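Below you'll find the structure, written out as structure tokens, and then a few comments.
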Number of protein chains: 2
Amino acid sequence: MHATVIVELKPSVLDPQGKAIQHSISTLGFEGVEDVRAGKLFRITLADTGQPREEIERQLRQICERLLANTVIEKFSYSIDD
Amino acid sequence: MHATVIVELKPSVLDPQGKAIQHSISTLGFEGVEDVRAGKLFRITLADTGQPREEIERQLRQICERLLANTVIEKFSYSIDD
């Protein structure tokens, strides 16, 4: 079972890394890029322990809240594929 | 118009960051996580310049190859939403 977690800065939080990338894209000669926001992605392989889907999602949310995301400034989303 | 670019290490490349995260998840008491791979995600806002879709995709691939990804060790994928 595979889970994909995306962690991104909240929209209200400034993203200097994204701004630097946007500037670099413009320097390379590409026009029309209005904004860039950088985030993180995690591909997690989960053992098939026979737990119900709700329990797996609960654990995954806890992993996000306690380890992968700083929920003060970041939001997270996830998807689970069987 | 919005594009989402995902940059990940190629499967054959070791991912020490992912391994460290996997170890931390285990230390937190969560069992059953067999592997973690870390990647990057970019949300790009594109101006509506009236260019054909193929041209936008061509430019996006060039941005990935020249700036966002190190194609020696990383692979990239993208999606475009109108």
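The values are calculated or read from the model by the stated rules, or taken from the named source; none is laboratory data. No experiment lies behind these values; they were computed from the predicted model shown. Positions of Cβ are backbone-derived with ideal geometry, glycine not excepted, and every protein chain shown enters the neighbour counts. Ligands, DNA and RNA are excluded from the accessible area calculation, which covers all protein heavy atoms including side chains. Shrake-Rupley method; radii C 1.70, N 1.55, O 1.52, S 1.80 Å.
Considering only the stretch A:64-78, I want to know if a residue exists there that is among the aromatic types (Phe, Trp, Tyr) and without any contact (Cβ under 8 Å) to a residue 24 or more places away in the chain. No, the conditions are met nowhere in the stretch A:64-78. Counting only strands (runs of 3 or more DSSP E) wholly contained in chain B, the ones carrying 2 or more residues that are open to solvent by 50 Å² or more (accessible area, probe 1.4 Å) and at the interface with chain A (Cβ under 9 Å from one of its Cβ atoms) occupy B:33-46.
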